[in-house]
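*Asks:* Take a look at the following structure, please.
Bear in mind that the values in this text are calculations on the coordinates, not laboratory data. None of the values given here were measured: they were computed from a predicted structure. Virtual Cβ from ideal backbone geometry, glycine too; neighbours counted across all protein chains shown.
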Amino acid sequence: MKVNVFLSVIGVCAGLLLGYLIYSIAEGKDNSELCGIISAICFVCTLVPMIGFRYEDGRLGANMKVLSMLFLIVFLAIELGFALWEVKMPYYVIVNGIFLLAFASIVYKMSHVAFQQSPRSEKEDQR
């Protein structure tokens, strides 16, 4: 896995802009600042692996990009829903935390499994 710094910075900036969008939608409601900060964190955590990393294994790269895109869409729906309909803040933090931890654990498991497999063991499996 290689990090492309330029694309990672673009991913961070896009996540921050999306977080500001959510803050603007929730502006005037209770805890709109916290809503913007948490949404920016969630967007950055999904955008950077999607566009900022280059994976040596093509299958792993495709799976990571699809997983990141799916979680980005889920986070976008959650953030918009919480920003439009003023929901209690503990529910907002808990739901975002659960989804962010699920995303992190899936990414860890996918990368851990991919790095354990070596090219030699794949050739032995084919025999």
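*Asks:* Apply the Karplus parameterisation 6.51 cos²θ - 1.76 cosθ + 1.60, with θ equal to phi minus 60°, to every residue of the stretch 41-47 and state each ³J(HN,Hα) to the nearest whole Hz, in sequence, with x for glycine and proline.
*Replies:* Once θ is set to phi - 60°, the couplings for the stretch 41-47 become 4, 5, 5, 5, 5, 9, 6 Hz.
*Asks:* Put +1 on the Cβ of each Lys and Arg and -1 on the Cβ of each Asp and Glu in the stretch 1-65; which of 26, 49, 38 then has its Cα farthest toward the positive end of the dipole?
*Replies:* My answer, from the dipole projection, is 49.
*Asks:* I would also like to ask the following. Per residue of the stretch 72-80, what does 6.51 cos²θ - 1.76 cosθ + 1.60 with θ = phi - 60° give for ³J(HN,Hα)? Whole Hz please, x for Gly and Pro, Karplus curve as stated.
*Replies:* 5, 5, 4, 5, 4, 5, 5, 5, 5
*Asks:* For the chain, what does the helix formula give at 222 nm: sum of -39500 (n - 2.57) over DSSP H segments with n ≥ 4, over the residue count, nearest 500 deg cm²/dmol?
*Replies:* -27500 deg cm²/dmol
*Asks:* Mind listing the phi-derived Karplus ³J(HN,Hα) values for the stretch 60-66, rounded to whole Hz, using 6.51, -1.76 and 1.60 with θ = phi - 60°, and x for any glycine or proline?
*Replies:* 5, x, 5, 5, 5, 5, 5
*Asks:* Another question, if that's okay. From the Cα trace of the stretch 1-94, what convex hull volume per residue do you get, rounded to a whole Å³?
*Replies:* Convex hull volume per residue, Cα atoms: 76 Å³.
*Asks:* In addition: Quick one: putting +1 on the C-beta of Lys and Arg, -1 on the C-beta of Asp and Glu, what dipole do you get for the chain around its Cα centre, in Debye to the nearest 20?
*Replies:* It comes to approximately 460 debye.
*Asks:* Return the loop-located chymotrypsin sites (Phe, Trp or Tyr not before Pro) in the stretch 15-113 (DSSP other than H, G, I, E, B) with at most 13 other Cβ atoms within 10 Å of their own Cβ; answer none if there are none.
*Replies:* Answer by residue number: 85.
*Asks:* Next up: So which trypsin sites (Lys or Arg not before Pro) in the stretch 1-109 pass both tests, a DSSP loop state and at most 11 other Cβ atoms within 10 Å of the Cβ?
*Replies:* Within the stretch 1-109, the qualifying trypsin sites (Lys or Arg not before Pro) (loop, at most 11 other Cβ atoms within 10 Å) are 88.
*Asks:* Quick one: angle between helix 5-26 and the longest Cα principal axis of the chain, in degrees between 0 and 90, rounded to 10, please.
*Replies:* Between helix and principal axis, roughly 30 degrees.
*Asks:* Given an 8 Å cut-off on Cα distances and at least 6 residues of separation, report the relative contact order of the chain as a percent.
*Replies:* 27
*Asks:* Let me know the longest stretch in the chain that avoids all GluC sites (Glu not before Pro) found in a DSSP loop with at most 16 other C-beta atoms within 10 Å.
*Replies:* The longest uninterrupted stretch comes out as 87-127.
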